[in-house]
Amino acid sequence: MGKHLWTEREDIGPTARAAVGMAYDSARHQAVLFGGVTGSNAFLNDTWAWNGELWTQSEDIGPPARANHALAFDSIRERVVLFGGDIGGSASADTWEWDGTEWTQMADTGPSGRLGHAVTFDSKIKRVVLFGGTTKSGQLLGDTWSWDGTEWTQEQDTGPTARYYHALAYDIVRDRVVLFGGMKSRVLYDTWEWEGSRWSQVADTGPFMRQGHEMVFDGTQVLLFGGSTDTGYLGDTWSWDGKHWTQIQDIGAGPRAWAAMAYDSDRSRSVLFGGNNQNSFLGDTWELYEHS
C-alpha cells in the first residue's frame, strides 16, 4: 500500500463556507456541492460541481438555502439525494434529488425535521441510509431511515445512541455502513456498523473523540478526516479496514470541521472542500490520493 498524500488544488470556486453537503456523482464524473453557511451566518443555496480540474456553478434554483444538511449519491438511480438541514428558523424535513441538471423535491414525509444528521448510499440494499441528527430545539435523534427513491422507511431503533454531527460512509467491499463519533452530551469516539438490518458496535478505540468530521470510502477502506473536539480543531487522517483504525501520517489540509468530503471513484481521489476552524471559514479545495 502506498503513502496517502494531501494536495491543495483550487481556490477559485464556491465561496468560503461550512456545514456544507457534497457527494460524488459517478454517472456524471463530478463531485456535487450544495449550500452551507458563511462566516457572517448567511445560509446558501448554490449548487457547484467539481470535475477534478475546476468548479462550475449550476444555474438551477433548487432547495431553499440551508446548512448542516446531508447529501448522498444513489448510484442505482443516478441521483444525488439531499435531506433536511437548518433553514434558519427551523430544521427541514424535505427530500430533494439532483439529476445533473436540476433539483426536484421528492418527499416531505419521512424522517422528522433535523440537522447535523448523516446519510450514505447502501448499494447492497439499494437505499440511502440516514441516521440521527438533532431538532432545532436540541432534541437528539437516534433513528435509522432508508430512502428507495419513492419513500422513506424507518428501520430498527436499537443501535448507536442519539447524536448529531457524526459521519457515515459505506464500505462497498464489506457491505457495511460505518458510523464514527459525533456529539451527545459529550463528544463521542465510538465506531458502529450497519449491515442492512441492524447496528453493531465494532470499536471504541481509534481516532480521538470528535464531531463535524468527514468520512468516505476509497475502494478499500474508510477514510476519516478532521473534526472538532472540546479543545479545538483536528487535521488528522485515519483509515478503517473493518477491524482497526490506523492513523495516516501526512500533513494535510489543516485542522477544520464541518467541511465537505466525497470520493472521486473515477480519479481515485478524496475531494475536500471548505469548513471552518478557530480563525475563519474556508473556501479551499484539497484532494487525498494514494501515492505509490
ask   = Can you list the residues, at least 5 places off or on another chain, whose amide H is less than 5 Å from the amide H of His4, using H built in the peptide plane?
value = His291
ask   = Distance in nm between label sites at Gln57 and Ser90, each 7 Å beyond Cα in the beta-carbon direction?
value = 2.9 nm
task = Give the Rg/Rh ratio for segment 113-166, taking Rg as the radius of gyration of the Cα atoms and Rh as the Kirkwood radius, to two decimals.
result = 0.98
query = Over segment 26-83, with a single point scatterer placed on each C-alpha, what log10 of the ratio I(q)/I(0) does the Debye formula yield at q = 0.13, 0.22 1/Å?
reply = -0.36, -0.96
task = Post the alpha-carbon centroid distance, segment 116-153 to segment 177-193, in whole angstrom.
result = 15 Å
inquiry  = How large is the Kirkwood hydrodynamic radius of segment 161-212, counting all unique pairs of alpha carbons, in Å?
reply    = 11.2 Å
ask   = Over the Cα atoms of segment 76-209, what Rg and Dmax result, in angstrom?
value = 14.5, 43
query = So for segment 190-257, what are the equivalent ellipsoid semi-axes in whole Å, largest first, each being the square root of 5 times an eigenvalue of the Cα gyration tensor?
reply = 21, 14, 10
query = In the chain, what percent of the accessible surface is made up of carbon and sulfur (1.4 Å probe, ligands and nucleic acids excluded)?
reply = 47 percent
query = segment 259-292 to segment 28-50: how many Å between their Cα centroids?
reply = 14 Å
inquiry  = Placing +1 on the Cβ of each Lys and Arg and -1 on the Cβ of each Asp and Glu in segment 77-152, which of Leu140, Gly113, Gly85 has its Cα farthest towards the positive end of the resulting dipole?
reply    = Leu140
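Please report the orientation-averaged projected area of the chain, defined via the convex hull of its C-alpha atoms, in nm².
Answer in nm², one decimal: 13.3.
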task = Using all C-alpha to C-alpha distances in segment 222-292, build P(r) with 5 Å bins and read off the rounded percent in each one.
result = 4, 15, 26, 25, 18, 8, 3, 0
inquiry  = With every protein chain kept in place and ligands, DNA and RNA left out, what is the accessible area per residue of the chain? Probe 1.4 Å, answer in Å².
reply    = 40 Å²
key: Relative packing of 43-49, 69-75, which averages over residues the other C-beta atoms within 10 Å, highest first   = 69-75, 43-49
note = On each of the three principal axes the extent of the alpha-carbon atoms of segment 1-55, given in whole Å and largest first, is 42, 25, 19
message = I need the fraction of alpha carbon pairs in segment 1-112 separated by more than 25 Å, rounded to a whole percent.
response = 22 percent
request  = Return the single residue from Gly88, Gly275, Gly132 with maximal mean-square fluctuation; model: Gaussian network over the chain, springs between Cα atoms under 10 Å.
outcome  = Gly88
message = Can you give me the Kirkwood hydrodynamic radius for segment 172-292, using every pair of distinct Cα atoms, in Å to one decimal?
response = 14.8 Å
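The values are calculated or read from the model by the stated rules, or taken from the named source; none is laboratory data. All values reported here derive from a predicted model rather than from experimental measurement. Cβ coordinates were reconstructed from backbone atoms using ideal geometry, including for glycine residues, and neighbour counts include every protein chain displayed. Side chains included, ligands, DNA and RNA excluded: accessible areas come from the protein's heavy atoms. Shrake-Rupley method; radii C 1.70, N 1.55, O 1.52, S 1.80 Å.
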